[in-house]
1. Would you confirm whether any residue within segment 13-33 is within 30 Å of residue 308 (Cβ to Cβ), under 18 Å from the mean Cα position of the chain (by Cα) and not assigned by TED's automatic domain parsing to the domain that holds residue 253?
2. Which condition from (1) modelled with pLDDT of 95 or more; (2) surrounded by fewer than 12 Cβ atoms within 10 Å (Cβ to Cβ); (3) farther than 24 Å from residue 282 by Cβ is the one that residue 75 breaks?
3. For segment 194-213, what are the residues that are touching a residue at least 24 places away in the same chain (Cβ under 8 Å) and more than 16 Å from residue 263 (Cβ to Cβ)?
4. Could you look through segment 192-241, keep only residues that are under 15 Å from residue 162 (Cα atoms) and assigned to a loop (DSSP other than H, G, I, E, B), and pick out the one that is modelled with the lowest pLDDT?
5. Please verify whether segment 216-227 includes one or more residues that are surrounded by fewer than 18 Cβ atoms within 10 Å (Cβ to Cβ), on the phi < 0 side of the Ramachandran plot and in contact with a strand residue (DSSP E or B) (Cβ under 6 Å, 6 or more places away or on another chain).
């Protein structure tokens, strides 16, 4: 059995719509499922997404990740919906595999929690879900809401926070030492932008450091120009780094979301990066738009993503098991 996002198996589209609709729909709402799943293929955002468990080219299970599951709690997301295993394949823990896959996918998107609504008693609890509260369906019926944490091995004593280097300028030398040891190849490029970052909150360059219990575990810089021949794009995320001991917790996604929001609040509509990594940034919504050469000659891919503009839904990850990731711009301007 393998689990695929519909985007990866577009040739299964018609079959997938039939499976989702027959299990979850009515004779009056086929167009609802068809239209929703069709537009999931067109969006560049991380939601909605539809997934299929497949064996020998047959769909034997499904689930979806949605912004809302037609329930009154519009303030929390994403939602696990349409979890289904074909009757002849039940009893093999496929439902559990689908749930675990959903949690991993949600973590990759940068969300700290995943939600679902169900009247089943005991099934989700035994698989690690917590009864969060009750809500109401679109038909007015009261129903239970469950939540699952997506962070890998969350520790309630952990405290993650992102600060501008300007806010912690007293740790400048420590930060430089950290870069020198953790990623010496970029040391000179990063240091060249630090002093400019310390002097501003509102102009580029900006440098942000991620701390875990006040220990440096990562950083990124938002700069006006990358060292590429192409000078018509701005701003750039360059570089972005998570300590090797902290990888696998979607912290890179947190920094990417923070960068998109910061750039959006500065008035930019797009943010760019250059990388030779394959399929890492794509899973967070970045789109490859072309190639360029570094000023010293080496070619590299260019990626772009829409920023999170002021007024957009704030999708920056919040670590509900610990404390909120700090957003320096919101705090500075006195808004939440």
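The values are calculated or read from the model by the stated rules, or taken from the named source; none is laboratory data. A quick note: this is a predicted structure, and the numbers were derived from the prediction, not measured. For neighbour counting, all protein chains shown are included, and Cβ atoms are generated from backbone atoms with ideal geometry for every residue, glycine included.
1. Within segment 13-33 (the criterion being within 30 Å of residue 308 (Cβ to Cβ), under 18 Å from the mean Cα position of the chain (by Cα) and not assigned by TED's automatic domain parsing to the domain that holds residue 253), the answer is no, since none of the residues qualifies.
2. (1)
3. 194, 198, 199, 209, 210, 211, 212, 213
4. 201
5. First, the residues of segment 216-227 that are surrounded by fewer than 18 Cβ atoms within 10 Å (Cβ to Cβ): 224-225, 227.
Subsequent filtering for residues that are on the phi < 0 side of the Ramachandran plot retains 224-225, 227.
Okay, now just the ones that are also in contact with a strand residue (DSSP E or B) (Cβ under 6 Å, 6 or more places away or on another chain), so 227.
Yes, because at least one residue in segment 216-227 is surrounded by fewer than 18 Cβ atoms within 10 Å (Cβ to Cβ), on the phi < 0 side of the Ramachandran plot and in contact with a strand residue (DSSP E or B) (Cβ under 6 Å, 6 or more places away or on another chain).
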